[in-house]
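Before any comments, here is the structure.
The values are calculated or read from the model by the stated rules, or taken from the named source; none is laboratory data. Small disclaimer: the values here were computed from a predicted structure and weren't measured. Cβ placement follows ideal geometry from the backbone for every residue including glycine, while neighbour counts extend to all protein chains displayed. Please note that ligands, DNA and RNA were not included when accessible areas were found on the heavy atoms of the full protein model with its side chains. Shrake-Rupley method; radii C 1.70, N 1.55, O 1.52, S 1.80 Å.
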Amino acid sequence: MEPERFKTVVISDVHMGARFSKVGEAARFLHRISCERLILAGDIIDGWQLKQIDDKWTVEESAFFSVIMKMMEQNQTEVVYVTGNHDDFLDNIIPCQLFNISFCSEYLLEDFGKRFVIIHGHAFDSITAQFRWISKLGDLAYNALLKFNYRWNRSRERLGKEKYSFSKVLKHQVKKAVNYISGFESDLADFARAKKCDGIICGHIHHPEDKMLKHGIRYLNCGDWVESLTALAQDFDGNWKLLEYKDLVAV
């Protein structure tokens, strides 16, 4: 099948190295698209998880980067890697350019008369930014909940019931509470306005979003590749839309 073509695609939070990362699905998703610009908006590699247990790099992780290399070779795709909190080991080398891959902490996208600033988003999460130990504790709890959720859904499948994600619902509710307390979205809007941008694109909270914030700032979140399996795509008229793995790839 011919790949679906886009101007720009943004994905984040693949969390390669984490047990419940859907990196195989992410690789298949990238195989089904082509784009002029691919932006990896942070937490692509989960350095926190890779530090804890050896031998967590599998053939699926290698396949993910193999697909990206093919995109660069066959379609001359420009790749931008924006660092997040789980791949902060890359902060020591940014900004830098390796072949056709740019590494940075933020990226300004100017297309079709619009300006978008693209970041991971962790810098505006007060818990992640100011209380790193709480963030790491939350990461351990989230992975434990994912493990429970996996076993729970296997039991539900045997009973002929649909899957249900406790972890996704709980994480979203916790993030909503943190966002409310820290003024996450308000700070994003202020940051975008200070950059003289029309919108801001990020990941981090593992929840896809497309809405307007104060100052007329458009807020886009590309979701994650642990549970939501979503990405953002810009067509050749400058329009943005949310892509879902289940709609693009036959499963």
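Output ³J(HN,Hα) for region 79-94: one whole-Hz value per residue in order, computed from phi by the Karplus curve 6.51 cos²θ - 1.76 cosθ + 1.60 with θ = phi - 60°, and x for Gly and Pro.
These are the phi-based 3J(HN,Hα) values: 10, 10, 10, 9, 6, x, 7, 7, 10, 5, 4, 7, 4, 5, 10, 7 Hz.
Under a crude label model (7 Å from the Cα following the beta-carbon direction), how far is Val59 from Met1 in nanometres?
Rounded to a tenth, the inter-label distance reads 2.3 nm.
Once R0 is set to 35 Å, what does the formula 1/(1 + (r/R0)^6) return for the Cβ-Cβ distance between Asp91 and Ser186, expressed as a FRET efficiency to the nearest 0.05?
0.85
What accessible surface, in Å², does a 1.4 Å probe find on Arg37, ignoring ligands, DNA and RNA and rounding to the nearest 10?
My reading of the accessible area for Arg37 is about 30 Å².
What pairs from Lys22/Lys196; Lys70/Lys211; Lys114/Lys246; Lys114/Lys241; Lys22/Lys114 go past 26 Å between their alpha carbons?
Lys22/Lys196; Lys70/Lys211; Lys114/Lys246; Lys22/Lys114
Students often forget the sequence filter, so: which aspartates and glutamates lie under 13 Å Cα-Cα from Lys195 once same-chain residues fewer than 8 apart are removed?
The reachable aspartates and glutamates, counting only those whose Cα sits under 13 Å from Lys195, are Glu106, Glu110, Asp187.
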